[in-house]
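Written below as structure tokens is the structure these notes are about.
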Amino acid sequence: MLFFSFFKTLTDQVITVELKNDLCITGTLKSVDQFLNIRLDGITVEDPERHPHMMAVKNCFIRGSVVRYVRMGARSVDTTLLEDATRRGEFMVRVLKGLRVD
Amino acid sequence: MSAVEAYVDHTVQVILYDGRVIVGKLRGYDPRTNLILSDCVEREYSLEGVEMVPLGLYMIKGDNVAIIGEMDEDKDGSIDYTEIKAEPLGEIRL
């Protein structure tokens, strides 16, 4: 649940998702669910020469099970807070209460 | 999973775990990403261009689905796929 809440705080930010088939897709995070399935809008592929397969695709749903990494701007994450939260689980409480998490 | 709701009755491109690319109209889905697609065409990428293989109606078990992408049909129609030369996508590893 912690990382689900964490990804929800990244909604509307541009992230890059690296898949387990080496495809890297950049786009605006539109939604995330409990399985960490990710919906990206306005996507671009990192190496279109090698991976032209997504050329005509404008937005996509990525199954959580195929994600290897998610890359995001360092400023999108309060690592100290996240670090604490992974130990205490308080992050989620703050998110649920709608308190500032950045 | 409700993120997929927006794609129902739209043309989608599904990329499977083994790297296959299937384009069809999304007719239904469930929380396990099981999909029903009508008028499916498989797009076989190779260094000789893309080959389109008609498949018909497909039910895809969710375990095999990697990506569901919404097609921009205008853009798709403007691409000459015989000129697109690329290796097929790799399978999902690890």
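The values are calculated or read from the model by the stated rules, or taken from the named source; none is laboratory data. Just so it is clear, the model here is predicted, and its values are computed rather than measured. Positions of Cβ are generated from backbone atoms using ideal geometry, with glycine treated the same way; all protein chains shown enter the neighbour counts. In case anyone asks, the SASA skips ligands and DNA or RNA and just uses the protein heavy atoms, side chains included. Shrake-Rupley method; radii C 1.70, N 1.55, O 1.52, S 1.80 Å.
If you build the convex hull over the alpha carbons only and average its shadow over all orientations, what do you get for the range A:2-73? Give it in nm² to one decimal.
Details: hull surface 17.6 nm².
Hull-based average projected area comes out at 4.4 nm².
Using a 1.4 Å probe, what is the accessible area per residue for the range A:2-73, in Å²?
Details: 2970 Å² over 72 residues.
So the range A:2-73 comes to 41 Å² accessible per residue, rounded to a whole number.
Could you calculate the contour length gain from residue A:87 to residue A:3, that is, 0.36 nm times the residue separation minus the distance between their Cα atoms, to one decimal place in nm?
On the way: separation 84, 0.36 × 84 = 30.24 nm, distance 1.27 nm.
Stretched fully, the residue A:87-residue A:3 segment lengthens by 29.0 nm.
For the range B:2-72, report the translational diffusion coefficient in µm²/s to the nearest whole number, using Stokes-Einstein at 20 °C, 1.002 mPa s, and a Kirkwood Rh over Cα pairs. Don't skip to the end; give the middle numbers.
On the way: Rh = 12.1 Å.
The calculation lands on 177 µm²/s.
Computing the accessible area with a 1.4 Å probe over protein heavy atoms, can you report the carbon and sulfur percentage for the protein assembly as shown? Present the calculation step by step, with values, prior to reporting the outcome.
Numbers: 5180 of 10330 Å².
Carbon with sulfur: 50 percent of the solvent-accessible area.
Compute the orientation-averaged projected area for the protein assembly as shown from the convex hull of its Cα atoms and round it to one decimal in nm².
Mean orientational projected area (the protein assembly as shown, Cα hull): 11.3 nm².
Report, in listed order, any pair from A:8/B:75; A:30/B:25; A:30/B:85 with a Cα-Cα distance greater than 26 Å.
On the way: A:8/B:75 31 Å; A:30/B:25 22 Å; A:30/B:85 31 Å.
Violating the 26 Å Cα-Cα cut-off are A:8/B:75; A:30/B:85.
Mind giving me the nanometre distance, one decimal, between the label points for residue A:78 and residue B:61, set 7 Å out from Cα along Cα→Cβ?
The two pseudo-label positions are separated by 4.5 nm.
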